[in-house]
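The values are calculated or read from the model by the stated rules, or taken from the named source; none is laboratory data. What you are looking at is a predicted structure, and each value in this text was computed from that prediction instead of being measured. Every residue, glycine among them, receives a Cβ derived from its backbone with ideal geometry; neighbour counts consider all protein chains shown.
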Amino acid sequence: MKTLLLPALPGHPHIDYVGSTLKIEQVTASAVAAEFGTPTYVYSRASIEEAAQRYSQAAQASSVHVALRYAVKANSNLAVLQLLARLGWGFDIVSAGELKRVLAAGGEAGKVVFSGVGKSADDMRFALDVGVECFNVESPSELAALNRVAQAAGKVARVALRVNPDVDAGTHPYISTGLKTNKFGISQDQAAQLALQTAQLEQVQLVGIACHIGSQITTVEPYLDALDKVLDLVEQMEHKGAKIEHIDLGGGLGIRYTDETPPTPQEWLSPLLARISARGFGHRTVVIEPGRSIVGNAGVLLTRTLFLKSTPVKHFAVVDAGMNDLIRPALYSAEQAVVLAEQREGSALKYDIVGPVCESADWLARDRALVLEEGDLLAILSSGAYGMVMASNYNSRGRPAEVMIDGATATLIRPRETPEQLYASERLLP
Ligand SMILES: *Cc1c(COP(=O)(O)O)cnc(C)c1O
């Protein structure tokens, strides 16, 4: 039997070839596709838990108290949130919708950080009523609005100011958030002023400083740069009488999609915590909000090849998943590894893997050497984060099914959407 390992993809510990067959934990990709159809997102419970435990272990290795808050927007399926809630994790949310998911999955409101640049009054009210841990505030207007909503609710909102440290995280412009030209955060000067103003507001209490500099970041340096600026600010604020209980470093640690070599959670966290201790802030709680690095490499998107099509200049594999199912390639020119569920012998051709959606941006991978026949099942690796959560119904396509593998068990955690479901709430004119 031929054993084909994936040496270039060490980020996929529970997704591997056995013989020539792709297995996710103990279940073959082909069996999942036969039972649940395609396109289908498939996640590995063991991979998610292992990634989360790597963060907990990195946190435990230091004397600094670290609060673990999973960024829900990376993958918000209830079963995924449930796994993390059971491990004791809290959550980083960006909408009341995400907060409702967290509560439905068994998460604690008291361990929820509410991020996002545009919170509505209704979202704030709901979050106050259920008692979230902290609002990460991104503008003077938002702070004023939160103060008004909290007054009406008879509550005091715990607040962290999200500063924009103006560092270049070296990532794709659409996923960098810590540059001064980005919409996110408050400039350092403005944050210092705003901290003073919070003292005048009755219904908000300043308890933290937060930053989040981007996503798919593969080096520690930008975090250290941001941290130094954040700690300067904490010093400045405390000098003026503020009491900062926690420092929130955000998320953003990258994963391996093709050949990236991001630091491990340990390699990422330990220099940051060491810097915090060295600068005398070791008694503060440090909040981290990883998303992609928990779920990204724990999921694949299974898709079947419908047609092979050659033009004078290109070979195309038209598959049944499109940009509405996985938008990362179209949105960020993201590269994800693509492998066959059952390896074939033969000579490879270079294919562009494209979907059925009527857009030229509807591609999933480009120039991939594969030995492929019509009907073959493909797995697009590293699809666990920013995959299903960004899926849409464009072209009236129902979103994919989602399946969680746990050892030899495959559980449907969301059925495929039917076309009828898509228009069930629409109305004809009288
Ligand atoms: C998106 C986001 C995260 C998570 O980022 P990842 O790159 O998925 O780790 C964390 N915090 C905030 C505020 C975010 O917006």
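Residue by residue, here is whether (1) surrounded by 15 or more Cβ atoms within 10 Å (Cβ to Cβ); (2) touching a residue at least 40 places away in the same chain (Cβ under 8 Å); (3) closer than 28 Å to Ile405 by Cα holds:
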site	(1), (2), (3)
Arg275	yes, yes, no
Arg279	no, yes, no
Val287	yes, yes, no
Arg304	yes, yes, yes
Ala337	yes, yes, yes
Among all residue pairs at least 6 apart or on different chains, which show Cβ distances below 7 Å where the first residue, located in the stretch 76-88, is over 18 Å from Val403 (Cβ atoms) and the second is modelled with pLDDT of 95 or more and surrounded by fewer than 22 Cβ atoms within 10 Å (Cβ to Cβ)? Ala85/Ala105; Ala85/Gly106; Leu87/Glu49
Could you give every pair whose Cβ atoms fall below 7 Å, whose first residue belongs to the stretch 198-218 and is closer than 25 Å to Ile276 by Cα, and whose second residue is acidic (Asp, Glu) and surrounded by fewer than 19 Cβ atoms within 10 Å (Cβ to Cβ), counting only separations of at least 6 or pairs across chains? Val207/Glu245; Gly208/Glu245; Thr218/Glu260
Hey, any hits in the stretch 376-394 for a residue that's surrounded by fewer than 23 Cβ atoms within 10 Å (Cβ to Cβ) and closer than 25 Å to Pro312 by Cβ? yes
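Yes/no matrix, rows are residues, columns are (1) of a type in the set (A, V, I, L, M, F, W, C); (2) more than 24 Å from Pro265 (Cα to Cα):
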| position | (1), (2) |
| --- | --- |
| Ala61 | yes, no |
| Ser76 | no, no |
| Leu87 | yes, no |
| Ser95 | no, yes |
| Val112 | yes, no |
| Asp122 | no, yes |
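Table: residues versus (1) part of a helix (DSSP H, G or I); (2) within 30 Å of Ile294 (Cα to Cα).
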site	(1), (2)
Pro165	no, yes
Asn182	no, yes
Gln193	yes, no
Glu202	no, no
Ile209	no, yes
His212	no, yes
I'd like to verify a number: residues in the stretch 225-264 that are among the polar types (S, T, N, Q) and in a helix (DSSP H, G or I), how many? 1
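One line per residue, one yes/no per condition, for (1) of a type in the set (Val, Ile, Thr); (2) assigned to a loop (DSSP other than H, G, I, E, B):
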residue	(1), (2)
Val286	yes, no
Leu302	no, no
Val313	yes, yes
Leu331	no, no
Gln336	no, yes
Ser347	no, yes
Tyr351	no, no
Answer with yes or no whether Ile175 is β-branched (Val, Ile, Thr), within 15 Å of the ligand (Cβ to nearest atom) and touching a Gly at 6+ places or on another chain (Cβ under 7 Å). yes
Mind checking which helices (runs of 4 or more DSSP H) fall wholly inside the stretch 1-117 and carry at least 2 residues that are in contact with a helix residue (DSSP H, G or I) (Cβ under 7 Å, 6 or more places away or on another chain)? 45-60, 78-86, 96-104
In this structure, is Val295 of a type outside the set (S, T, N, Q), in contact with a Ser or Thr (Cβ under 9 Å, 6 or more places away or on another chain) and either within 28 Å of Tyr174 (Cβ to Cβ) or crowded, with 21+ Cβ neighbours inside 10 Å (or both)? yes
Which numbered condition trips up Leu83, out of (1) under 23 Å from Ala391 (Cα atoms); (2) away from the ligand (no atom under 14 Å from the Cβ); (3) among the aliphatic types (A, V, I, L, M); (4) touching a Ser or Thr at 6+ places or on another chain (Cβ under 8 Å)? (4)
When you go through (1) more than 16 Å from the ligand (Cβ to nearest atom); (2) touching a helix residue (DSSP H, G or I) at 6+ places or on another chain (Cβ under 7 Å); (3) among the β-branched types (Val, Ile, Thr) one by one for Thr264, which number turns out not to apply? (1)
